[in-house]
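As structure tokens, the structure follows; a few thoughts come after it.
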Amino acid sequence: MKIVKKIVIVILLNLVSFYYISNAKKIAAEQTNDEFIEISIYSEIDIFNVGLELYQAIPNVEDGKIVSFKDNFYEKINLDKNTITIKRPSEYFYLKIDLSTLPIEYGLDKRSYFIDKTKDKIELQMLEIDEIIPEYIENNEVEVLFKSVDDRQLFVEYETELLKNNSGFDLVVTINNSQDYIFNDFITNINVDEENINDNLINYYSNSNYSILAPELSYMPVTYEVSNNGLFKVYYDPFTMEKNNVQKVIDGILAINESFCSTDGFGFLQPKSNDDNEYNIYLEHKEYMNNIYGCTYFNIDNTQVYSNIVLNYGLLDKTLGASTDDDSFLLTLSHEYFHAIIDENSNGFNDSLDRTIFHESFASFAGLYYMNEISLNNSDIDRHTWHNYLAKVELFHQTTQYSLNDMSIDDYRKYALFLLPLYIYQKYGISAIKDIINEIDYTISILDAFNMALDKYGTDMDNLYLDFSIYNSFLQDKYDLLLDGYKDYWEREANIPAYSYEPYSFFQRPGHYYKELSLPFYSSTYRHFYNSDCSKYNVYITIEFDNSSDLEIIQVLKNIDNEISNKSISIVGNMMTIPYYGFGSNECKELVFLFANCKEDGEDVNLKMDITFDHSTLSIEEGEIIDAKEHLHEPYNECLYEFIPNENNFYEFQLNIIYNNIQSNTPSQGIIKILDENKNVINKLSIDNFSTPARNGIYSNNVIAQLEIGKKYFIDVRYTHVCDNLYVSVNKIENEISMPVSDEITLSNIYSGKSDFLYEITDFKTGRYKYQVNFSDLKAVTDVIFIFASIYKGELTILESKNININDTEFIFERPLVREYGHRYYIGFVSNRYDTKFDLSISRIIKSTFNLVTDLNQNVNVGTEVTMNRGDYQGTTITEGYTRLMYIKNGIPSNSRLDYYWYSLDETKARVSNYGTVTALETDEIVQVKIMAVYRYEITKVSIFELTILPDESNETKIVSLTTDKRVSGTPYGTEVSENNGEIGDVLIHKGYTRLICFEANSPTDSIQDFVWTSSDEEIATVSAYGTITARNKSGVVTITGVYKYNNTFIATIIIYVV
């Protein structure tokens, strides 16, 4: 017995194990897409032995959020066919293609890619190289852009070599170590271009070997003027130069000296350049100086550094375009004079390049600072000399990196580097500028001088440079001290941060950017993204670097309130990915990633940077048409569009395929899915039975879904057939059935095509209706659904639906239409697979009637046709412009006029209010109009009453009496009463206040808006269409006049006094 029990238990355990193993296998099978990923390279040729490197991306989590990934090499595989499926190295991973393994003359649209856990497919495209565009960068470096025939950027393994020839250099571009492309005289063309560009830049002329105190002047003999305090000597040519201009120089230099060197100013030591302790200034007017505003010569003896200013006389006689206020002259003079101040207050430099960079950056700062201090006129801003200084900022921000220690690669960035002393000044004051200059000594490096000075302020150059780099990342928000009065110009000319990404315009497609660069110490590089990037994409920056100890990574973010915050990104390993999950968020206005080498005497950081945009999600607006082909780029790709409806409604999503300039009917593979904000499918259209659960939509081009206002939805588009354009659009349902006055309509031989379609029923009157649909040309198999639906207060209700099959010939149902705010009704087909033809008729159902009369008797309210025009009680005629009140005879089914829906069956002849008040509109002849009443609580009870409208044959003007501020409903009176204690009914208004027009008893209508209102003098008072009189800032008497729209013999006037 025990043996039998044991056998039974074993069998049960095996059954249970089998059950769980089977289910585990089933679950594993369902999770295949999570474990494996498909890699495809589309190409016109077969792929063979293309190398792929895979890297695991290990999340680095802080406070529950992924802040970075450490990328570890996983394996290298070879692609020997165009599509393979591999096991994922990890949830997140990084893939890099070995470009050297590509076929000759071919490139890839992506060289690498960061893949998050939601992706189950990677698509690349290999295209033939159609165009090679080399570009000279700097330091004899050349970058090459490769393009395909459709103008896409391609990534290619290449090397460049410059070969000397008789006229310059030839360029050789070698692809994949085998194919050479030669560009003859490449470097000569570059030099010519640079020479032309330099004509517009500030030139700095100096000669360190100069042996005499004064330059070699073009005029002899030398004449000079000495300032009244004996501090300055100005040399000039009296035959060609005006003495009053010489005096301007003296006056200018005295004022500048007072600002920089007096005890009331900054207290710098005053410079001198001759044995009499005077400072020499030379006015020169040579052809070679036509593009030079000023320059400073210096020479060194055993004990003293002397310097002299040579000022181009063209600044004084306006030949260099100086402004009428001599601002350009003053800026140049203050800039050059500060060179002398630097030399006088320092003890020499141990490096000539350091001297040049320091002098130009600090002198540029000082010149612009001085001009700001004297608040120069900015009327001729575009012609000021200092425009050139700001132009250097743009140049500085367009370079690959911001470097303090290697200006030789760009001789003009030294001027833009005035941003550094400007930052120091704004943070620590002018004393820090003075301390730095005083610490400079030829026996120490310039960085040592900076550190010695900055130590007084609790910082050093390592920290200062990092702070400056962060500060500099949002240039337009920070550098405003020197720009008072110039903000508009600054934002127009100098507000261009480095590498502003707009993927479609810059790269012709979204998704990728790659850069290799070297960061010497005290240099940095930015990657700047704007809201259009931050909100539409997730951004992944993958970097490889060889020196992690000297690298700093900072994320700087400006939110929608313009608040700026920054955080340091921890370095992990020598290869990492930094994510920014910005998609769908509007919190980020701008985003900067800063990479800086901030260690003095640190080693260079060689940086490889690869930026991946998760570009699968874009936005689409209602009514917008987007060519999805531009976003797919290659077959098998999928593009996701975000859509946010602006109202509750049915929306139609259309797909129009263009091939050879005509709309294509070629069967293809693809799918359109409408997803909710959680990516759940609401509706989908499958093309060529791409997905079995979805309906087949061959030749179909649309799908319809009901969406809610403000919610986020996604349109998932995938299409794989060759086409020229793939247009995607979204619109509210535009097809309408406009119900006629008769409340009956028949539409015959409606051809649905193979698309979803709905009609919105419009212009209907409340009632119960019969709907009859007669079908023809039904197919053998169909799953078309005919629906009648309503949307009320955002809620969709399917009131009727019927799955139509081959045996159906008609579909008849009854449903009410209620004409109240927010009610919308739709009728038509969804899930339509085949061609369908049908007839549709709609007609009102009336089961009983009741009797209507007008102006019942003298015991109730009646219209003005009776009270003013002497019409009959219970009459059937009405004169244009007058009113009658409808009543229910005998009070059956209800006495209250509010229990009925009231309609005029011709609103060009008469209108009727919700209270049953009929107003006859203007007419030149006798006409008839029908008034309909529908009982609210039993809408098949309907009554129709016919009125005859008569033209007013009286030509006499009828005066309508007016008063003010006595309205019964709504706002009772204007601000003259409510705020200024004015009397009700008075005609006096104080300036800036209002009164409201009101009728006395003799108006044909109670509606102010039925009159056209005018003022006799709108400078005194104006009047709105609603009868609001507004007193202006001019006192006086004004007449307000109103003419009745529906009978112009009625005139209303009132005289108003404005004080």
- Query: Does Arg884 qualify as being basic (Lys, Arg) and over 17 Å from Phe945 (Cα atoms)?
  - Reply: no
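How about region 971-1011: which of its residues are assigned to a loop (DSSP other than H, G, I, E, B) and of a type in the set (Val, Ile, Thr)? Full working, then the answer.
Filtering region 971-1011 down to residues assigned to a loop (DSSP other than H, G, I, E, B) leaves 971-974, 979-987, 990-993, 1000-1007.
Matches in region 971-1011: Thr971, Ile984, Val987, Thr1005.
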In the set Tyr1044, Tyr973, Tyr993, the lone residue that is within 20 Å of Thr867 (Cα to Cα) and buried (at least 17 other Cβ atoms within 10 Å of the Cβ) is Tyr1044
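Among Phe146, Phe73, which is the only one that is crowded, with 16+ Cβ neighbours inside 10 Å and aromatic (Phe, Trp, Tyr)? Even if it seems obvious, please write down each step before you answer.
On the way: Phe73 fails: crowded, with 16+ Cβ neighbours inside 10 Å.
Only one candidate passes the filter, namely Phe146.
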Flagged in region 409-466 as among the acidic types (Asp, Glu), modelled with pLDDT under 85 and not in a loop (DSSP other than H, G, I, E, B), in numbering order, are Asp462
Residue pairs qualifying under the 6 Å Cβ cut-off, at least six apart or on distinct chains, with the first in region 71-82 being at negative phi and the second being assigned to a strand (DSSP E or B) and of a type in the set (Phe, Trp, Tyr), are Asp71/Tyr55; Asp71/Tyr94; Phe73/Tyr55; Tyr74/Tyr55
Per the filter on region 76-98, residues buried (at least 20 other Cβ atoms within 10 Å of the Cβ) and more than 11 Å from Tyr55 (Cα to Cα) are Leu79, Ile97
In this structure, is Ser978 among the polar types (S, T, N, Q) and either exposed (fewer than 14 other Cβ atoms within 10 Å of the Cβ) or assigned by TED's automatic domain parsing to the domain that holds Met868 (or both)? no
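Check region 163-174 and report whether any residue there is touching a helix residue (DSSP H, G or I) at 6+ places or on another chain (Cβ under 8 Å), surrounded by 14 or more Cβ atoms within 10 Å (Cβ to Cβ) and in contact (Cβ under 8 Å) with a residue 60 or more places away in the chain.
Initially, region 163-174 is screened for residues touching a helix residue (DSSP H, G or I) at 6+ places or on another chain (Cβ under 8 Å), giving 167-171.
Subsequent filtering for residues that are surrounded by 14 or more Cβ atoms within 10 Å (Cβ to Cβ) retains 168-171.
Checking the rest, the ones that are also in contact (Cβ under 8 Å) with a residue 60 or more places away in the chain come to none.
No: region 163-174 contains no residue that is touching a helix residue (DSSP H, G or I) at 6+ places or on another chain (Cβ under 8 Å), surrounded by 14 or more Cβ atoms within 10 Å (Cβ to Cβ) and in contact (Cβ under 8 Å) with a residue 60 or more places away in the chain.
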Turns out the strands (runs of 3 or more DSSP E) fully within region 71-163 with at least 2 residues that are among the β-branched types (Val, Ile, Thr) and under 29 Å from Met576 (Cβ atoms) are 83-87
Condition set at pLDDT below 85 and of a type in the set (Ser, Thr, Tyr), scope region 546-585, selection surrounded by the most Cβ atoms within 10 Å (Cβ to Cβ): answer is Tyr580
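Can you say whether Lys930 is touching a Phe, Trp or Tyr at 6+ places or on another chain (Cβ under 8 Å) and surrounded by fewer than 19 Cβ atoms within 10 Å (Cβ to Cβ), as far as the supplied structure shows? Explain how you work it out, then say what you get.
Numbers: touching a Phe, Trp or Tyr at 6+ places or on another chain (Cβ under 8 Å): yes; surrounded by fewer than 19 Cβ atoms within 10 Å (Cβ to Cβ): yes.
The answer is yes for Lys930.
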Going through (1) under 30 Å from Asp924 (Cβ atoms); (2) assigned to a loop (DSSP other than H, G, I, E, B) one by one, Thr1041 fails only at (2)
Among the residues of region 638-653, is any modelled with pLDDT under 75 and either part of a loop (DSSP other than H, G, I, E, B) or among the aromatic types (Phe, Trp, Tyr) (or both)?
no
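Can you tell me how many residues within region 802-824 are assigned to a strand (DSSP E or B) and loosely packed, with under 14 Cβ neighbours inside 10 Å?
Initial filter on region 802-824 (assigned to a strand (DSSP E or B)): 802-803, 810-817, 824.
From the residues that got through so far, the ones that are loosely packed, with under 14 Cβ neighbours inside 10 Å too are 803, 810, 812, 814.
Residues meeting the conditions: 4.
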The correct count of residues that are in contact with a helix residue (DSSP H, G or I) (Cβ under 8 Å, 6 or more places away or on another chain) and outside any strand (DSSP E or B) in region 931-969 is 3
Can you find a residue that is of a type in the set (A, V, I, L, M, F, W, C) and closer than 13 Å to Gly881 by Cα anywhere in region 938-956? yes
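Conditions (1) surrounded by fewer than 18 Cβ atoms within 10 Å (Cβ to Cβ); (2) among the small types (Gly, Ala, Ser); (3) touching a residue at least 12 places away in the same chain (Cβ under 8 Å), marked per residue:
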| site | (1), (2), (3) |
| --- | --- |
| Tyr887 | no, no, yes |
| Gly891 | yes, yes, no |
| Tyr900 | no, no, yes |
| Tyr915 | yes, no, yes |
| Thr923 | no, no, yes |
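The values are calculated or read from the model by the stated rules, or taken from the named source; none is laboratory data. Please read all numbers here as calculations on a predicted model, not as lab measurements. We place every Cβ from the backbone using ideal geometry, glycine too, and count neighbours over all the protein chains shown.
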